[in-house]
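Coordinate-derived values only; no laboratory data. On a predicted model such as this, the values are computed, not experimentally measured, just so you know. Note: ideal-geometry Cβ built from the backbone for every residue, glycine included; neighbour counts use all protein chains shown.
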Amino acid sequence: DDPALSRCRRWRELVDRPADEAEARGLLRAVVDAQVERLQDRLAEVEEVEGDDAFEMAERASFLAGDAGERLRRLQSARARELFRAVQILTKMRKDST
């Protein structure tokens with residue numbers, strides 16, 4: 001409740017609000033679909049680059065000693081958790097929209 005921070009709490013609309021719930025859901029679905037498409041394109045690029053060597057690279061990375069290996073393992077674990085959460089949210093959104 002600091003008066004100096006009250007300016008930060010002002011709400012600004014960046015775009016017009018949807019007319020109704022159906023339009024709002026449509027906008028959200030469009031955003032989700034665009035992101036899913038972007039991720040699928042990125043996945044295709046990664047698979048193309050890594051190809052059949054992906055498993056071998058993962059095996060080598062899992063045995064990388066030192067700080068660099070530990071950072072890589074932590075990064076991979078964090079990304080896997082983020083992906084899992086995103087898939088859960090997407091699944092829930094799709095289930096709720098039906």
(Q) Give me L28, L14 sorted ascending by neighbouring Cβ count inside 10 Å, so fewest comes first. (A) L14, L28
Q | J(HN,Hα) series, region 39-46, from Karplus relation 6.51 cos²θ - 1.76 cosθ + 1.60, nearest Hz, glycine and proline x | A | 5, 5, 4, 5, 4, 4, 4, 5
Q) If you take the beta carbon distance between E56 and A34 as r and set R0 to 35 Å, what does 1/(1 + (r/R0)^6) give as a FRET efficiency, to the nearest 0.05? A) 0.55
